[in-house]
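First comes the structure, then the notes that go with it.
The values are calculated or read from the model by the stated rules, or taken from the named source; none is laboratory data. These figures come from a predicted structure and were not determined experimentally. When we count neighbours, we look across all protein chains shown, and the Cβ atoms used for this are built from the backbone with ideal geometry, even at glycine. Surface accessibility is based on the protein's heavy atoms, side chains included, excluding ligands, DNA and RNA. Shrake-Rupley method; radii C 1.70, N 1.55, O 1.52, S 1.80 Å.
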2 protein chains.
Amino acid sequence: MKNVADLAGVGIKTVSRVVNNEPGVSEETRQRVLRATEQLQYHLDMTAGSLKRSGRKTQSIGLLLPSVSNPFSGEIHRALEDALTERGIAVFASSLDDDPEREKKLISAFLGRRVDGLVLTPIARSQAYVIPEHSRNLPMVFIDREPVGIEADAVVTDNETGASKAAAHLIRHGHTRLAYLGDRTDIQTATKRRTGFLEEIGRAGIATSTIPVRNGLHDEETALRAAIELLTSENPPTAIFSSQNLITFGAMRALRSLGLHHKVALIGFDDFTLADMMEPGITVIAQHPERIGKLAAERILARIDGDDGAPKTYIVPSELIPRGSGELPPLN
Amino acid sequence: MKNVADLAGVGIKTVSRVVNNEPGVSEETRQRVLRATEQLQYHLDMTAGSLKRSGRKTQSIGLLLPSVSNPFSGEIHRALEDALTERGIAVFASSLDDDPEREKKLISAFLGRRVDGLVLTPIARSQAYVIPEHSRNLPMVFIDREPVGIEADAVVTDNETGASKAAAHLIRHGHTRLAYLGDRTDIQTATKRRTGFLEEIGRAGIATSTIPVRNGLHDEETALRAAIELLTSENPPTAIFSSQNLITFGAMRALRSLGLHHKVALIGFDDFTLADMMEPGITVIAQHPERIGKLAAERILARIDGDDGAPKTYIVPSELIPRGSGELPPLN
DNA sequence: ATGATACATGACATCGTTGTCTGGCGCCGG
DNA sequence: CCGGCGCCAGACAACGATGTCATGTATCAT
């Protein structure tokens with residue numbers, strides 16, 4: 001900046017005014033300065049600017065996702081990015097891998113970079129450890145899962161209702177012998193989906209104690225095994241609900257390997273690419289990651305802009321998409 | 001920092017030494033300072049530090065991808081992140097959407113944030129406009145596509161050889177009436193794949209002029225239409241090669257809608273989730289995004305660390321994964 | 001003509017940190 | 001007993017920008 005000022009023969013403050021489009025510079029000087037910036041390939045240093053600038057905003061936020069390679073997270077990321085880029089805010093993205101230690105480390109790394117806000121999927125059992133930052137006015141929005149031990153904004157899918165819709169749908173198609181394949185019980189969304197599913201079954205007058213529930217499945221392989229075991233038991237279910245993407249894949253493989261894919265109904269939580277191209281098409285409870293991302297962006301921006309209303313949880317509705325697998329009638 | 005220093009009753013430089021783990025502080029003072037940082041919830045401000053620190057490193061890099069919601073990009077992103085997080089480097093990620101204007105704007109935004117390096121998928125017709133930055137010693141690594149108009153490191157998939165492997169595979173299974181469904185010709189990878197595919201056909205002694213080539217397909221819908229048109233023409237191909245994910249999906253839909261999915265062979269460039277669960281399984285030329293990401297990370301780190309060897313293009317081999325669709329024999 | 005007013009501009013302190021340099025103190029060897 | 005050395009610690013400038021304030025000049029109303 002100094003160099004530009006010298007070249008243009010003006011003070012550095014004037015250069016600052018020009019590059020920041022502040023008023024109070026004559027058109028002539030402005031042109032001279034612009035020519036100088038051009039000539040020297042000058043580029044404003046935002047990091048230095050944010051040191052003194054009012055509010056000390058760095059125009060960047062931190063985003064913590066289960067993994068940036070997870071398509072669901074990718075959609076959220078994209079929607080967030082679109083909304084924030086418009087405001088000139090850049091996004092630091094990181095993957096958590098369900099590791100509470102990593103969660104803390106990454107948050108710390110973002111804090112050190114003085115991000116203007118944090119959008120995150122909580123992993124650790126409690127997020128109480130960020131209370132100091134939060135109350136120190138660091139905007140935070142939790143996504144996908146509600147935080148524990150701290151009052152903050154959250155944007156989540158309607159997990160319970162979504163799962164209950166799946167149950168209702170299967171029951172409406174005549175099923176009574178349902179089964180549930182679920183994720184680790186320490187994941188909040190997993191337990192909510194289970195609750196929603198079982199409660200709906202209860203409401204339909206079916207004894208939930210008769211429903212086989214397999215928890216703790218965390219990948220395709222374990223889901224596959226659990227599903228096979230279930231389907232080859234002596235009183236196998238006529239319909240399966242899988243609480244998550246990978247588990248759905250495992251269930252699909254199990255059904256196919258036993259030749260039951262056209263006989264046993266299946267509804268999975270989470271939509272996925274090519275679900276409609278399967279044989280049969282897979283009925284799913286679709287989440288709306290773009291809506292989650294967009295809402296999270298709106299909330300974090302509002303907080304950055306000073307909104308200090310009481311924290312609130314925003315719920316994004318899920319949607320049942322019938323494609324065939326969920327409409328198969330019970331087979332006996 | 002000042003506050004911490006006061007509370008601990010030491011000078012700010014001593015606090016700096018402690019939080020940066022520099023030597024020359026007695027154990028007693030160190031403890032006192034650490035207690036103070038704890039009490040005040042002090043967190044080092046890296047942005048301020050990088051202002052004066054030698055080399056002015058911000059410990060962050062910019063990553064430009066077609067879209068963060070694209071699974072292929074996601075894998076690259078993840079691999080990069082893993083390698084960089086180890087070194088304490090954070091990643092700004094942004095989506096380009098095939099928009100050259102956006103490419104320039106985003107690069108400019110990253111430059112303003114003084115990233116230590118840039119990893120990017122080039123979109124614009126030429127990247128000559130970043131020559132000033134590059135020669136000013138801003139490390140840059142191009143991924144997926146080689147840059148035009150600038151000498152810089154690049155990490156790309158072996159597009160030509162990959163496509164030629166697909167052609168050879170189909171020919172080996174007896175096909176002579178092949179067809180090519182390709183992306184926009186202004187995308188470098190697309191033309192390379194076409195070249196590789198056609199050259200291999202030529203080498204096999206088949207007149208490439210007889211091969212229907214459809215370019216300019218950019219999504220599932222256009223690919224679907226092109227494929228249907230091709231398959232319902234009077235001398236339809238017995239095998240199709242699709243140059244990219246979405247085009248493969250379009251081709252799959254076309255084949256299925258015409259009831260030809262077990263009759264006409266298909267090989268797609270790019271692997272995708274559930275390819276093995278299709279009917280038949282889809283044979284693909286798989287890229288290795290994790291390897292691309294890892295290599296890109298190694299290169300950018302080396303450059304950041306001062307490696308000033310001549311720029312080089314690194315080629316990551318692709319892999320043909322047979323799953324059924326590519327092994328169907330010609331049907332007449 | 002004169003004081004008031006508006007506008008263009010630059011000097012300077014400052015943001016939070018680190019690099020450099022200097023100072024005080026204890027210890028050692030001669 | 002003294003010079004020299006090593007260790008700990010702080011004072012101070014500097015990084016690249018911006019906020020504040022002062023200054024100079026042209027313009028305007030009276």
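Pairs meeting the criteria (first residue in the stretch B:200-222 and within 29 Å of B:ASP97 (Cα to Cα), second residue part of a helix (DSSP H, G or I) and of a type in the set (Ser, Thr, Tyr), beta carbons under 8 Å, at least 6 apart or on different chains) are B:GLY216/B:THR222.
Filtered by the rule that a residue be more than 10 Å from every other protein chain (Cβ to nearest Cβ) and touching a residue at least 40 places away in the same chain (Cβ under 8 Å), the stretch B:99-121 gives B:ILE107, B:ASP116, B:GLY117, B:LEU118, B:VAL119, B:LEU120, B:THR121. Checked against the criterion of being modelled with pLDDT of 95 or more, away from every other protein chain (no Cβ under 11 Å) and within 30 Å of A:ILE143 (Cβ to Cβ), the candidates A:ALA93, A:ALA83, A:ALA36, A:ALA79 yield just one match: A:ALA83.
What number of residues in the stretch B:1-44 are of a type in the set (Ser, Thr, Tyr), within 10 Å of DNA strand D (Cβ to nearest atom) and either assigned to a loop (DSSP other than H, G, I, E, B) or in contact (Cβ under 8 Å) with a residue 40 or more places away in the chain (or both)? Final tally of qualifying residues: 1. You will find that of B:SER325, B:SER233, the residue that is of a type in the set (Ser, Thr, Tyr) and either more than 14 Å from chain A (Cβ to nearest Cβ) or out of contact with any Leu (no Cβ under 6 Å at 6 or more places or on another chain) (or both) is B:SER233 and no other. Candidates A:GLY112, A:GLY88, A:GLY55, A:GLY117: the one that is within 16 Å of DNA strand C (Cβ to nearest atom) and closer than 30 Å to A:ARG17 by Cβ is A:GLY55. Here B:GLN41 passes the criteria (1) at pLDDT 95 or above; (2) more than 30 Å from B:LEU138 (Cα to Cα) except the one numbered (1). What single numbered condition from (1) more than 12 Å from DNA strand D (Cβ to nearest atom); (2) over 26 Å from A:SER135 (Cα atoms) fails to hold for B:SER50? The number of the failed condition is (1). One residue stands out in the stretch B:1-41 among those that are within 20 Å of A:PRO132 (Cα to Cα) and within 7 Å of DNA strand C (Cβ to nearest atom): the one that is least open to solvent (accessible area, probe 1.4 Å), namely B:VAL19.
Reported count of residues in the stretch A:202-235, each being closer than 28 Å to A:PRO147 by Cα and over 23 Å from the mean Cα position of the chain (by Cα), is 3. With respect to A:ALA93, determine if the residue is more than 16 Å from DNA strand C (Cβ to nearest atom) and either open to solvent by 10 Å² or more (accessible area, probe 1.4 Å) or among the acidic types (Asp, Glu) (or both). So A:ALA93 fails the test. Criterion applied to A:THR47, A:THR58 was being facing chain B (nearest Cβ under 9 Å), of a type in the set (S, T, N, Q) and in a loop (DSSP other than H, G, I, E, B), and the one residue passing it is A:THR58. Is it the case that B:GLY55 is within 16 Å of DNA strand D (Cβ to nearest atom), under 31 Å from the mean Cα position of the chain (by Cα) and loosely packed, with under 15 Cβ neighbours inside 10 Å? Criteria met by B:GLY55. Just a yes or no: is a residue in the stretch B:62-82 within 16 Å of DNA strand C (Cβ to nearest atom) and either of a type outside the set (Gly, Ala, Ser) or buried (at least 19 other Cβ atoms within 10 Å of the Cβ) (or both)? No, the stretch B:62-82 has no match at all.
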